[in-house]
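See below for the structure under consideration.
The values are calculated or read from the model by the stated rules, or taken from the named source; none is laboratory data. Only a predicted model underlies this, so the values are computations on that prediction, with no experimental measurement involved. Cβ atoms come from the backbone with ideal geometry, glycine included; neighbour counts cover every protein chain shown.
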Amino acid sequence: MFIICMVISCGIVIIAARIITSSAVRTITDNSYNNIYENIRYADSNISSFLEDAVAITMAISFNRSIIIEGLEDDSPVASYSAFEMQKEVEAHLLNIRLNKIHISMAAVIGIDGKSFQSGGSLILRRIINEPWFIEALHSSGTRIFYNTPGFNNILICRPIIFDREVAGLAVVEMDFQVLNNVYYSMPLTQSLITSFDDSLSIVFTNYNPLNIRTVDQSPLAAIINSYNPDQRYWYINRERFLIVSFQSPLNGLTTMALIPYADLISAAWHINFLMVIIIAFSIAAAALASWIFSRVFCKNIYLLQDSMQKIQDGNMEIRSQIKSRDEIGIMSNIFNSMMDRIKLLLQNIRETEEQKRRTEQIVLEAQIQPHFIYNTINSIAYVAHQQKEKDLEAVANATVKLLRGVLGVRESIIPFSQEYDYIEQYLVIQRFKMDQEFRLDWDVEEEFWSYPIPKLILQPIVENALLHGISHKKDGRIVIQVFKRKETLVMKVTDNGRGMNPEETINSKAAGDTFRKVGISNVHERIALIYGEAYGVKIDSVKDAFTSVELILPLREKYYDPCNDYR
């Protein structure tokens, strides 16, 4: 009991420690998740503000007809003074638009023929008009943002310039990637692994990319990006657990993911947990030592009972416990001794039963020889009758063999009605020879009942009774066997035109007595009641010197009870 109490106490302490630790970890992770998410959202808001500013510049450029459209439509030779003046005017206008916009590195106008005007930034070449992004931007209906454009290391914001319902060129604003660096390099984002990527999974910004990876498929996020579920916060990347915070911008189309190592988040909580584990370990060790000392004193009788059980397990069934105490262990000892006495008695009964079973099996084996001997004897009689051309005697011998084989050789207690028919026909062959008298046996059986299962030899005693006690002294004797359905029962009716019976001799009378048992009908009635229940059995209707009709009433159903084989 002391050990149980200590185990329960230690278990409660451990559970409490785990609950406290889990609660602390959950609070830390929830706060970290919310904090990182809000910082990413704030950073995205700043980026979106810069992009909105850049979009406004592209709109200002594309809607300026007096300078921008005139510059694109100017046909002056490239090396002419007028072209130089136009170039200077347009670029001055572009420079003025992006004035004091430190996040804008370039404002440019690119014509569909490759003519370009720009204010700083990356160098624009004429072959740019063949770039897919350039063609895509020309055919768009509004402003497009390109994050990883060939030939440019910055973000491009593009808008088509339309004049007279035709596209004349493209307004392009270049925003420095340093903007992203300045936005995302803030606490606590600097303690997270930040990756921003566009819809094509091209990386726009990352603060941990020593190999200069360009796509998400090449980054550590590749392991989870295809199966990512926002409802699942924790993921394993390279066997390391991370808390993942994801934010998809509704304005700029960027998806930003922050990876926070789970071990860094819960280091403080695990330190507390470690101290609690040490305390609990010392407590358990002290409790175990105290339990061992007290158990040696208070559990002596338990060890004695255990020793007795061990000796019995080793095969010594004569061992009995000698504990005499009046406590629970003493009660268990008495029960143990009583149980062993009963086991000893049961083992003795089992040995006697096995010996009896062995003798019974020997008797059964010997009995198997007897039917075989009888078959051979009757077959010998049939052979002699055949040699002496005694056809009637030969037929009787063959019928007797078939009848014996059917009755003794078939072990099933439930047989098809057709098999019962064979038994009766073979029996009648013998009786015709014995009685040397002609009589008729007519069968009136509905076709569906020839295969219906019935108890073996349930009808033969009735036919025998009708033959021996009904028509045995009558020259025009006749027996009719009918099998038909009556409501939910199967009726097998045997009728003879013999001498009949008095009312007190029928099964329906309390005075049936020895007469009923004598003719064997009682046995049939009891078998039917045993197999199918008291509601079924034999019913006799008879008129003296007129007829006797015996009905065997059975249930009409698929399943029935077999005392030998249980349910079928």
- Determine whether the stretch 102-109 contains at least one residue that is part of a loop (DSSP other than H, G, I, E, B), more than 60 Å from the chain's Cα centre (by Cα) and on the phi < 0 side of the Ramachandran plot. yes
- Item | Test result for Gly71, closer than 30 Å to Ile302 by Cα, of a type outside the set (S, T, N, Q) and either within 40 Å of the chain's Cα centre (by Cα) or surrounded by 13 or more Cβ atoms within 10 Å (Cβ to Cβ) (or both) | no
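Please tell me if Leu95 is buried (at least 19 other Cβ atoms within 10 Å of the Cβ) and touching a strand residue (DSSP E or B) at 6+ places or on another chain (Cβ under 7 Å).
Numbers: buried (at least 19 other Cβ atoms within 10 Å of the Cβ): no; touching a strand residue (DSSP E or B) at 6+ places or on another chain (Cβ under 7 Å): yes.
Here the answer is no, as Leu95 does not meet what is asked.
For the condition modelled with pLDDT of 80 or more, assigned to a helix (DSSP H, G or I) and not hydrophobic (A, V, I, L, M, F, W, C), what is the one hit in Asp217, Asp264? Working first, answer last.
On the way: Asp264 fails: modelled with pLDDT of 80 or more.
Unique residue meeting the criteria: Asp217.
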- What are the pairs, 6+ residues apart or on separate chains, where a residue within the stretch 295-307 that is at positive phi has its Cβ under 8 Å from a residue that is at pLDDT below 70 and of a type outside the set (Lys, Arg)? none
- Task: Mind listing just one residue for me: the one in the stretch 204-236 that is in contact (Cβ under 8 Å) with a residue 40 or more places away in the chain and either more than 18 Å from Tyr37 (Cβ to Cβ) or among the hydroxyl-bearing types (Ser, Thr, Tyr) (or both) and, of those, surrounded by the most Cβ atoms within 10 Å (Cβ to Cβ)?
- Result: Val204
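Regarding the stretch 131-144, can at least one residue be identified that is in the same structural domain as Asp44 (by TED's automatic domain parsing), in a strand (DSSP E or B) and in contact (Cβ under 8 Å) with a residue 40 or more places away in the chain? Outline the logic, then answer.
First, the residues of the stretch 131-144 that are in the same structural domain as Asp44 (by TED's automatic domain parsing): 131-144.
Cutting the leftovers down to in a strand (DSSP E or B) gives us 144.
Cutting the leftovers down to in contact (Cβ under 8 Å) with a residue 40 or more places away in the chain gives us none.
Checking the stretch 131-144: not a single residue is in the same structural domain as Asp44 (by TED's automatic domain parsing), in a strand (DSSP E or B) and in contact (Cβ under 8 Å) with a residue 40 or more places away in the chain.
Rundown of residues vs (1) assigned to a helix (DSSP H, G or I); (2) touching a strand residue (DSSP E or B) at 6+ places or on another chain (Cβ under 8 Å); (3) closer than 30 Å to Trp235 by Cβ, yes/no style:
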residue	(1), (2), (3)
Ala24	yes, no, yes
Pro77	no, no, no
Glu85	yes, no, no
Gly114	no, no, no
Arg127	yes, no, no
- Item | Test set (1) out of contact with any Leu (no Cβ under 8 Å at 6 or more places or on another chain); (2) at pLDDT 85 or above; (3) under 30 Å from Ile40 (Cβ atoms); (4) not hydrophobic (A, V, I, L, M, F, W, C) - Arg159 fails condition number | (1)
- Note on the structure: Of (1) surrounded by fewer than 19 Cβ atoms within 10 Å (Cβ to Cβ); (2) closer than 30 Å to Gln248 by Cβ, Phe84 satisfies every one except (2)
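Out of Ala60, Ala43, Ala54, Ala17, I need the residue that is in contact with an Asp or Glu (Cβ under 9 Å, 6 or more places away or on another chain) and either at positive phi or surrounded by 14 or more Cβ atoms within 10 Å (Cβ to Cβ) (or both). Which one?
On the way: Ala60 fails: in contact with an Asp or Glu (Cβ under 9 Å, 6 or more places away or on another chain); Ala43 fails: in contact with an Asp or Glu (Cβ under 9 Å, 6 or more places away or on another chain); Ala17 fails: in contact with an Asp or Glu (Cβ under 9 Å, 6 or more places away or on another chain).
Within the list Ala60, Ala43, Ala54, Ala17, the selection yields Ala54.
If I go through the stretch 319-331 residue by residue, how many of them are assigned to a helix (DSSP H, G or I) and exposed (fewer than 15 other Cβ atoms within 10 Å of the Cβ)?
Of all residues in the stretch 319-331, those assigned to a helix (DSSP H, G or I) come to 328-331.
Retained after the next criterion (residues that are exposed (fewer than 15 other Cβ atoms within 10 Å of the Cβ)): 328, 331.
Going through the stretch 319-331 one residue at a time, the tally reaches 2.
Might you check whether a residue that is surrounded by 17 or more Cβ atoms within 10 Å (Cβ to Cβ), part of a helix (DSSP H, G or I) and either at pLDDT 85 or above or not assigned by TED's automatic domain parsing to the domain that holds Asp198 (or both) occurs anywhere in the stretch 30-38?
Start the filter on the stretch 30-38 by keeping residues that are surrounded by 17 or more Cβ atoms within 10 Å (Cβ to Cβ), which leaves 32-33, 36.
Right, trim to part of a helix (DSSP H, G or I) and you get 32-33, 36.
Then drop every residue that is not either at pLDDT 85 or above or not assigned by TED's automatic domain parsing to the domain that holds Asp198 (or both), which leaves none.
The answer is no, given that none of the residues of the stretch 30-38 is surrounded by 17 or more Cβ atoms within 10 Å (Cβ to Cβ), part of a helix (DSSP H, G or I) and either at pLDDT 85 or above or not assigned by TED's automatic domain parsing to the domain that holds Asp198 (or both).
Filtering the stretch 243-258 down to residues that are free of Cβ contacts under 8 Å to residues at least 60 places away in the same chain and within 12 Å of Thr195 (Cβ to Cβ), which residue is surrounded by the fewest Cβ atoms within 10 Å (Cβ to Cβ)?
Residues of the stretch 243-258 that are free of Cβ contacts under 8 Å to residues at least 60 places away in the same chain, as a first pass: 244, 246, 248, 250, 255.
With within 12 Å of Thr195 (Cβ to Cβ) added as a condition, the list becomes 244, 246, 255.
Numbers: Ile244: 21, Ser246: 14, Thr255: 19.
Applying the filter and picking the extreme gives Ser246.
Criterion first (farther than 23 Å from Phe146 by Cα, of a type outside the set (Phe, Trp, Tyr) and either at pLDDT 85 or above or surrounded by fewer than 19 Cβ atoms within 10 Å (Cβ to Cβ) (or both)) does Arg239 satisfy it? Don't jump to the end; show me each part of the working.
Working: farther than 23 Å from Phe146 by Cα: yes; of a type outside the set (Phe, Trp, Tyr): yes; either at pLDDT 85 or above or surrounded by fewer than 19 Cβ atoms within 10 Å (Cβ to Cβ) (or both): yes.
Criteria met by Arg239.
Yes or no, residue by residue, for (1) modelled with pLDDT under 85; (2) more than 16 Å from Leu552 (Cβ to Cβ); (3) out of contact with any Asp or Glu (no Cβ under 7 Å at 6 or more places or on another chain); (4) surrounded by 18 or more Cβ atoms within 10 Å (Cβ to Cβ):
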position: Leu404; (1), (2), (3), (4): yes, yes, yes, no
position: Val407; (1), (2), (3), (4): yes, yes, yes, no
position: Leu468; (1), (2), (3), (4): yes, yes, yes, no
position: Ile471; (1), (2), (3), (4): no, yes, no, yes
position: Phe484; (1), (2), (3), (4): no, no, no, no
- Query: Which members of the stretch 171-202 meet the condition of being among the hydrophobic types (A, V, I, L, M, F, W, C), buried (at least 21 other Cβ atoms within 10 Å of the Cβ) and at pLDDT 80 or above?
  - Reply: Ala171, Val172, Val173, Met175, Ile194, Phe197
- Message: Suppose we filter Asn349, Asn301 for residues that are at pLDDT 70 or above, in contact with a Gly (Cβ under 8 Å, 6 or more places away or on another chain), of a type outside the set (Lys, Arg) and not in a loop (DSSP other than H, G, I, E, B); which single one remains?
- Response: Asn301
